[in-house]
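One structure is given below, encoded as C-alpha cells.
Each value in this text was obtained by applying a stated rule to the coordinates, not by laboratory testing. Small disclaimer: the values here were computed from a predicted structure and weren't measured. In this analysis, Cβ positions are derived from the backbone assuming ideal geometry, glycine residues included, and neighbour counts consider all displayed protein chains.
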Amino acid sequence: MAADRQKAERLADEELMPLIGGKDPEAFAVLFDRHGGAAYSLAYRIVGERDGAEDVTQEAFISVWRSGARFDRARGSVRSWLLSIVRNRAIDALRAGAGRAPKLNFDDEAILEQRPAEEQTEEEAIRHETAGEIRDVLGELPGEQSQVIELAYFGGFSQSEIAGMLGIPLGTVKGRMRLGLRKIRSELAEGWA
Amino acid sequence: MSEIEHERWREELSAYLLGTLEPGEAESLERHLEGCERCQEELRWLAPARDALPETVARMQPPAELRERLLAEVREDARQAAGEAPERRGVLDRLRDFAGPRWRPLAAGAVVLLIVAAVVGYEIGSNGSGGGGGNLTTEETREASGLIAAVSMEGTENGRIELSNVEPLPPDRVLEAWVERDGEIEAVPMLFVPNGEGEAATTIGDMRGVSVVMVTEEPPGGSEAPTSEPIATVTIG
C-alpha cells in the first residue's frame, strides 16, 4: 500500500501523516526532505555539536515514524509538531550533559547557508526570507526580553533557573518573557498565524 | 474561578508555550485551560510566536548519512511490519463479515442504515477533450450519523471523496477508503484523518468501473480489507 515517491511529493504534510502512520517509507522520506534541514539545524542550535544534533534529529524522526498517527492537525502544523519534538529531545540531551551551554544570540548569519543558493528549492528560499523577517522582529526586541526567551526555548532553563543565572527576581523573568513573546506575536506577518 | 486566578494563569501562558514552567505548574495550567476559553484563545493567538523561534535558526544541511540511516531503518521496519501482518483473507470475505453473504451496494446501505439524502449528478465545465473526459460529476450521500460524503470525479479520472461532519477519531484509528470495481473491493492507498472541523478527504484516482465508494475506520497503517462497518457508502452512477 506504499505510495510512490512522486505521489507522496504532491501531498501536503498533513496528508503524509496518515501514510507515515501506515508505515510508508516514501512518505517518510518526503517529510524528511522537507523538514530534515530545519530539524537538524534546530537540534544543532540547542546541543551545539554535530554528533549530538544528528542523534537528536534521528530520534525525533524515528519517533514521528512510530507515532505518526498521533499527529493532531487541529493543534498546529506538522512542521511545528515535528520541531517541538526536536526541541524537547534536544533539551533532554542538553540536560543529560550531551551538549554545551546554549548560545545567547539570534545572530547566526555567519554560518547561514552552507549550501550554495542555487541548491535551494523555492520553498526553502521563501522560508529563508521568512526566517529573515522573523529574525528582524526578534532583533527589535529589547535584549533583556530576547535573552530570557532564548534561555527558555533554546536552553531549556526554567524560569527560576533563569532568574538565578541572571540575578533578577522571578517576577521580572516572567514579565520579560511575557512581554517579549507577545511582541513577537504582534509583529509577525499576517500569514504566519 | 476568580478573576485573580484567571489572570495568574494567563500570565503564565508564555512560559507554558516556551516549555519553561516549573515542574507541576504545566499540569496545573492545563487543568485551568480545560475550563477557560479566554486562556485557550490567548494560547492559540500566542502559539505562532513560539513556532517562529526555530525558524530563526541558521539553516544547516543534515549529513547525507543521517538520511540514509533513517531511511534504512524505516524501510526495514516497514518490511517487518508487512511480514508480521496476519494472513490475508480475501477482501470480499472480510467485507462479508459486515455486509452479509454477498456485499453489494444496496446490502451495504442496509448495514450502515444509509440514508441517501441526495444523489447529485451535475456537470461543470465543457465536454473537454483529453484528460479525464472533461465532466466533473459529484455523487453525494448523507448517512444516518449526519456524516456527509461526496465523491467527485472528472469523467473516469481524478476521483476524490470528501467527508464532512466526521466524528473525531480515537488516536489509534485512521480513515481508509475502499472502492468496488467490477465486483472486487480495492483499498484506496491514501489513508486520511479528519481535521478539527470534522472534514476529511482523500484521493481515489482512477474511477473506471467503480460502482461504490465506502470509508471505514481502521488501525494506523490501514488494513488489507475492512475491519469495521463503513461510516460512509456512496453509490456511483
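Of interest is the spacing of the C-alpha centroids, which for region B:21-86 and region A:48-99 amounts to 6 Å. Dividing the alpha-carbon radius of gyration of region B:3-56 by the rule-of-thumb value 2.2 N^0.38 Å gives 1.13. Of the residues A:H35, B:H32, B:H6, the one with the fewest other Cβ atoms within 10 Å heads the list, and the complete ranking is B:H6, B:H32, A:H35. Listed by Cβ neighbour count within 10 Å, with the fewest neighbours leading, A:R10, B:R67 appear as A:R10, B:R67. Comparing Cα centroids, region A:12-27 and region A:146-183 end up 37 angstrom apart. Placing a label point 7 Å from the Cα of A:S160 along the Cα-to-Cβ direction, the residues of region A:69-99 whose backbone N falls under 20 Å from that point are A:92, A:95-96.
Here's the picture: a label point sits 7 Å out from the Cα of B:R69 along the beta-carbon direction, and within region A:10-54 the residues with their amide nitrogen under 11 Å of it are A:51-54.
Taking the Cβ of each residue in A:D55, B:D182 as the centre, tally the other Cβ atoms inside 10 Å and list the residues starting with the fewest. Can you show the working numbers first?
On the way: A:D55 17, B:D182 9.
Fewest to most other Cβ atoms nearby, the residues stand as B:D182, A:D55.
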